[in-house]
1. May I ask which of Lys39/Lys90; Lys90/Lys126; Lys39/Lys115; Lys4/Lys119; Lys90/Lys150; Lys4/Lys29 have a Cα-Cα span longer than 23 Å here?
2. If the elastic network links every pair of Cα atoms under 10 Å, which of Arg92, Arg123, Arg155 fluctuates the most in the Gaussian network model of the chain?
3. Mind checking which of Asn95, Asn28, Asn45 has the largest fluctuation in a GNM of the chain, springs on alpha carbons under 10 Å?
4. Could you tell me how many degrees, from 0 to 90 and to the nearest 10, lie between the Cα long axis of helix 32-45 and the main elongation axis, the longest principal axis, of the Cα atoms of the chain?
5. For every helix of n ≥ 4 consecutive DSSP H residues, a contribution of -39,500 (n - 2.57) applies; sum these over the chain, divide by its total residues, and give [θ] at 222 nm rounded to the nearest 500 deg cm²/dmol.
6. Under a 10 Å cutoff between Cα atoms, tell me which one of Lys133, Lys21, Lys90 has the largest fluctuation in the Gaussian network model of the chain.
7. Determine the percent antiparallel among the DSSP beta bridges restricted to the chain, to the nearest 5.
8. Where only protein heavy atoms count, and the probe is 1.4 Å, what is the accessible area per residue for the chain in Å²?
Amino acid sequence: MDSKMISPLNTLQWIERGIIKPNDYNPNKVSKQNLELLKQSILTNGWTLPIVVRPDFTIIDGFHRWTVAGEEPLKSMLEGKVPVVIVSHKDRAGNIYGTVTHNRARGTHLLEPMKAIVKELMREGKSVEEIGKQLGMRPEEIFRLSEFSKEEFLRMMIKPNQGFSKAEFITKI
């Protein structure tokens with residue numbers, strides 16, 4: 001078995017909900033009705049998915065599970081704790097990729113937060129090819145979210161393996 005695949009499960013632990021913090025880029029939103037449905041699902045089925053966190057306990061995936069765990073009756077039933085697995089990425093982009101891919105696999109995202117994410121990744125020098133691969137997006141989708149001109153974006157596509165330096169990106173804004 002591939003140790004990289006199973007290593008997050010080796011970190012499974014129940015920790016105090018209060019030490020976990022949300023990230024500042026999650027583009028996923030859930031209605032109050034769906035939060036109630038999530039709470040009911042946990043009450044009916046038990047806790048089936050741990051919250052995925054970075055080593056500093058910032059949420060990569062599981063913000064809504066974390067949210068409902070702070071509400072009664074779950075808060076009391078869980079004694080203020082939640083299950084987590086720890087995933088370590090080499091950079092912020094890896095954290096963002098983790099959040100977005102977990103969410104995209106389950107639902108939809110809001111437009112403005114996704115635009116901000118694509119712009120941030122491009123500012124960090126990530127290529128269109130890498131962003132597309134990591135977030136499961138076609139180049140056209142990245143183009144729409146990036147708000148680059150058609151000409152600028154086509155220049156980026158000509159060299160798909162080369163990211164732009166932060167300085168190059170800033171001059172194009």
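The values are calculated or read from the model by the stated rules, or taken from the named source; none is laboratory data. Fair warning: this is a prediction, and the values are worked out from it, not measured in the lab. Heads up, the Cβs are rebuilt from the backbone with ideal geometry, glycines too, and the neighbour counts pull from every protein chain shown. These area figures cover heavy atoms from the full protein model, side chains too; ligands, DNA and RNA do not enter into them. Shrake-Rupley method; radii C 1.70, N 1.55, O 1.52, S 1.80 Å.
1. Working: Lys39/Lys90 33 Å; Lys90/Lys126 14 Å; Lys39/Lys115 30 Å; Lys4/Lys119 29 Å; Lys90/Lys150 32 Å; Lys4/Lys29 30 Å.
Violating the 23 Å Cα-Cα cut-off are Lys39/Lys90; Lys39/Lys115; Lys4/Lys119; Lys90/Lys150; Lys4/Lys29.
2. Arg155
3. Evaluated over the chain, the most mobile residue of the options is Asn45.
4. Between helix and principal axis, roughly 50 degrees.
5. Mean residue ellipticity at 222 nm (helix-derived): -14000 deg cm²/dmol.
6. Lys90
7. Bridges in the chain are about 60 percent antiparallel.
8. Dividing the accessible area of the chain by its residue count gives 59 Å².
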